[in-house]
1. Using the basic label-point model (7 angstrom from Cα toward the beta carbon), what is the MET396 to CYS75 distance in nanometres?
2. Give the separation of the Cα centroids, the range 53-68 to the range 185-259, in Å.
3. Please give the net charge around LEU122, taking every other residue with its beta carbon less than 15 angstrom from that of LEU122, where Lys and Arg add +1 and Asp and Glu add -1.
4. Based on the Cβ-Cβ distance from GLN226 to THR187, what FRET efficiency comes out when R0 is 45 Å, to the nearest 0.05?
5. What percent of all Cα-Cα pairs in the range 180-235 falls in each 10 Å bin, counting up from 0?
6. Each residue of the range 408-424 in order: what ³J(HN,Hα) in whole Hz does its phi give by Karplus 6.51 cos²θ - 1.76 cosθ + 1.60, θ = phi - 60°, with x for Gly and Pro?
7. Of the listed peptides 58-66, 97-105, 318-326, what is their order by residue-averaged count of other C-beta atoms within 10 Å, with the highest listed first?
8. Just to verify a number: FRET efficiency for VAL285 and THR413, C-beta to C-beta distance, R0 = 25 Å, to 0.05?
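Here, each number is a calculation from the coordinates, and none is a lab measurement. All figures in this text were calculated on a predicted structure; none of them were measured in a lab. No Cβ is skipped: glycine too gets one built from the backbone with ideal geometry, and neighbour counts run over all protein chains shown.
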Amino acid sequence: MSVHEYISQTLENIKKSSPGQTTFLQAATEVLHTLEPLLTREKKYLDHKIIDRIVMPERTTMFRVTYMNDKNEPCSHFGYRVEFNSALGPYKGGLRFHPSVCLDIIKFLGFEQIFKNSLTGLNMGGGKGGANFDPKGKSDGEIMRFCQAFMNELYKLIGDVKDVPAGDIGVGGREIGYMFGQYKKLTNRFDGSLTGKGLNWGGSLVRTEATGYGSVYFAQEMLKKQNSSLEGKKCSISGAGNVAIYTAQKLYQLGALPITVSDSTGFIYDSEGIDVELLKRIKEVERKGLSEYAAAKPSAKFTPVNQYKAGTNAVWSVPCDAAFPSATQNELNLEDIKTLYSNGCRLVCEGANMPSTLEAIDFMLAQKDFLFGPAKAANAGGVATSGLEMAQNASMQKWTFDEVDSKLHRIMTNIFHDSYDTSVEFGEPGNLVLGANIAGFRKVADAMIDQGYV
Ligand code: GLU
């Protein structure tokens, strides 16, 4: 059987063993096909059945989370933790609270996390968790009770050298605080079992900013390779959470102009540039929809989702030089990328996890004049800084903002060079999808071989 046939067979097996898990299948398809040149060259990975093993989580836990809402009614949700791979270190990866969460979504995220964490060069395995709970519109008391109920199960799995969760969509500083409080209560331990903690109780400086800053550092490296820079570039951003906000902030610092943001209600086009402080106030303090932004700023236009052309994400219809998808999976499809490209966009840097569809990625890779920074590489800054938080917690130290930021910058630069050099090694210079997947995979696979069949 050829390597290609073997990969296709593995993907068929996933379809049979995990019916309906289309998002996980999409993530596996992207990774496995790009590994073909490595698997053809190095027989050991097939001999040790690494592919068969790496697509299976080491452990999957699913549990009921029941909390009492403000009307004193019990509400129940599905909680998950997928401990995917521990070859390189303790399981590491965030928790997502969103109504769309199901085992398929957590498996796709956990699978991506394995390779992303490997690329950071730090010793972290891959995992992910979450619940199909919608924090939107919930009171602070409801959020606290939900987080405590979630931790009543999760504490059995986690630990600073076992499994270290953090935030993701719907889980920020507030939620991590409530979960950490309950973890401490249940275990009587104050340790680094969660990252993204508050700054005065063990959190790392720059963790909040890290994913957005890291994504922009990655874009900067891609452009530098072409003797170009972000200076003067108009940039479209999707999302209005942590990643989007700090992508916008870093873009300003590097002389670019962020002109869009989006949320589940619609998108903002602000020709004067996104006002980061106003955005933070609306999304983080008031926790409101983006129409409030337009109400407060005359240069901004709000387009509600019900006015989007069917099958497209209208935030990508705004002409720009570079795009930073920083909301969620599959938010940029073939039609969106064609629109971006015909409007002059020549760079996409992924701040979210798997925001581009497989067809959109193929389109970008086929263009000779286009730079594409894939999620596993480009958004690794968040988890990398979580790794730096773990190091600070374990050694009872607190590093300064500049220390952490310069380490983050160095990690992102290294990830770019690792991915780029690997793309050259395999004869596809600039194909960072192939470069990042092979570079990330190789370290994990070699460690799995070293550690035997477990
Ligand atoms: N949720 C983030 C990610 O997708 C961060 C995970 C972490 O800090 O552990 O990488």
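1. Once both label points are built, they end up 4.2 nm from each other.
2. 28
3. Counting the neighbours of LEU122, the net charge comes to +4.
4. Computed FRET efficiency for GLN226 and THR187: 0.35.
5. In order of increasing distance, the bins hold 20, 31, 19, 18, 10, 2 percent.
6. So the J values, rounded to whole Hz, are 4, 4, 5, 4, 5, 5, 4, 4, 4, 5, 4, 5, 5, 4, 5, 5, 5.
7. 318-326, 97-105, 58-66
8. Computed FRET efficiency for VAL285 and THR413: 0.15.
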